[in-house]
Amino acid sequence: MSPKLFDLSGKTALITGSSRGLGRAMAEGMAACGARIVLNGANEGRLATAVQEMKSAGHDVIGIPFDVADEAAVIAAFEALDAQGVAVDILVNNAGIQFRKPMLELDTADWQRVIDVNLTAAFVTAREAARRMAPRGTGKVINIGSLLSKLGRATVTPYAAAKGGILMLTRNMAAEWGALGIQANAIGPGYMATEMNTPLIEDEDFDAWVKGRTPMGRWGQPDELVGTAIYLASDASNYVTGQIIYVDGGMSVVL
Ligand code: GCO
């Protein structure tokens with residue numbers, strides 16, 4: 001097998017929510033494989049810092065600030081990329097938020113915000129990307145789902161509902177876009193040591209539960225997602241679509 005299969009040279013990858021965390025790790029990994037990176041974040045200062053850091057490391061990076069939950073901003077961002085002659089070959093729908101509260105106490109507004117950011121934004125952003133990929137006959141969409149695309153956990157219902165939706169959104173993208181040369185797949189992270197999960201890591205009981213419930217006995221590290229993202233972004237996965245790959249230390253398949 002040629003190592004060229006994983007070569008992303010000449011490709012441009014837009015990764016939403018990539019100033020830090022899983023998105024930043026995937027951006028670094030894809031850049032190392034030759035991709036031009038379009039970093040995104042809603043916080044312009046944090047984004048500018050991330051762009052500078054990656055440029056200083058010698059990577060080909062631009063930054064485009066927009067809130068993925070703001071449809072007009074997403075559309076404007078793609079129009080700005082069009083105007084710069086930047087064609088997105090790989091889209092990673094990574095941006096996401098968490099909100100932990102039992103349903104009986106949950107306000108609909110809190111529910112809606114999580115659904116807007118974690119699910120609807122993935123549809124809108126992928127639609128804008130795919131409208132431009134289709135005429136080229138090629139493209140990669142990678143949606144970041146979750147272990148909770150498959151399993152439920154009390155107190156994180158809007159997140160789990162959104163991530164379950166990501167699974168079926170991915171399958172329907174595969175259904176509609178396969179013949180257009182666009183592959184759409186998902187990654188299901190398990191319990192990763194990210195900023196979103198810091199409160200859980202710092203909770204001794206939850207930390208012990210994750211370590212006991214996970215066959216690998218530990219939290220995952222953000223860079224442990226990168227290989228799967230590169231695979232799904234590369235020619236190595238050109239006949240793979242509609243799939244979800246769980247990167248979860250075995251938690252989703254072992255009691
Ligand atoms: C939680 C966590 C999870 C993880 C991850 C698991 O509160 O249970 O935040 O949602 O972040 O998504 O796949």
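Odds and ends about this structure:
- A simple spin-label model places pseudo-atoms 7 Å from Cα toward Cβ; at T155 and I201 they are separated by 1.8 nm.
- For the peptides 98-109, 14-25, 127-138, 241-252, residues were scored by their other Cβ atoms within 10 Å and the scores averaged per peptide; the highest-first order is 14-25, 241-252, 127-138, 98-109.
- Separation in nanometres of the label points that stand 7 Å from Cα toward Cβ, at L106 and K55: 4.1
- With helices as the sole contributors, the chain gives -12000 deg cm²/dmol at 222 nm; each DSSP H run of n ≥ 4 counts as -39500 (n - 2.57), and the sum is divided by every residue.
- Stokes-Einstein translational diffusion, the range 175-214 - Kirkwood Rh over all Cα pairs, 1.306 mPa s, 10 °C, in µm²/s: 124
- Dipole size of the chain about its Cα centre, with +1 on Lys/Arg Cβ and -1 on Asp/Glu Cβ: approximately 640 debye, rounded to the nearest 20.
- Farthest positive-ward along the range 48-151 dipole, Cα basis, beta-carbon charges - from A76, A95, P135: P135
- For the chain, the longest principal axis of the Cα atoms and the long axis of helix 204-213 meet at an angle of about 70 degrees.
- Relative contact order, percent, the chain [alpha-carbon distance under 8 Å, six or more residues apart]: 20
- Accessible area per residue for the chain, computed on protein heavy atoms with a 1.4 Å probe, is 45 Å².
- Surface share of carbon and sulfur [accessible, 1.4 angstrom probe, percent] for the chain: 54
- Note on the range 1-152: Kirkwood hydrodynamic radius from all Cα pairs is 16.2 Å, rounded to one decimal.
- P(r) of the range 14-91 over all Cα-Cα pairs, binned every 5 Å from zero, in whole percent: 3, 17, 29, 26, 18, 5, 1
- Set against the 2.2 N^0.38 Å expectation for a compact globular protein, the range 138-251 has a Cα radius of gyration ratio of 1.13.
- Ordering M30, S19, V51 by the projection of their Cα atoms onto the charge dipole of the range 1-84, which places +1 on the Cβ of Lys and Arg and -1 on the Cβ of Asp and Glu, puts M30 at the extreme positive end.
- Surface/4 estimate of mean projected area, convex hull on alpha-carbon atoms of the range 78-204, nm²: 8.8
- Alpha-carbon Rg/Rh ratio, for the chain, with Rh computed the Kirkwood way: 0.95
- For the range 202-252, the spread of Cα positions along each principal axis, largest first, Å: 42, 19, 14
- For the chain, the longest principal axis of the Cα atoms and the long axis of helix 21-32 meet at an angle of about 30 degrees.
- All Cα-Cα separations within the range 75-124 were binned at 5 Å from zero, giving a P(r) of 5, 16, 19, 18, 14, 10, 7, 6, 3, 1, each value a whole percent of the pairs.
- On Cα atoms only, tilt of 121-133 relative to the major axis of the chain in degrees: 20
- Structure note, pairs K55/K140; K4/K150; K140/K211: Cα-Cα distances above 30 angstrom occur for K4/K150; K140/K211.
- Sites A76 and M168 - FRET efficiency at Förster radius 30 Å, r taken between beta-carbons, to 0.05: 0.60
- Across the options Y239, G165, A126, the greatest Cα extent toward the positive end of the charge dipole of the range 107-255 (unit charges at beta carbon of Lys, Arg, Asp, Glu) belongs to Y239.
The values are calculated or read from the model by the stated rules, or taken from the named source; none is laboratory data. In this text, all values refer to a predicted model and were calculated from it rather than measured experimentally. Methodologically, a virtual Cβ is constructed for each residue, glycine included, from the backbone with ideal geometry; neighbour enumeration extends over all protein chains shown. Side chains included, ligands, DNA and RNA excluded: accessible areas come from the protein's heavy atoms. Shrake-Rupley method; radii C 1.70, N 1.55, O 1.52, S 1.80 Å.
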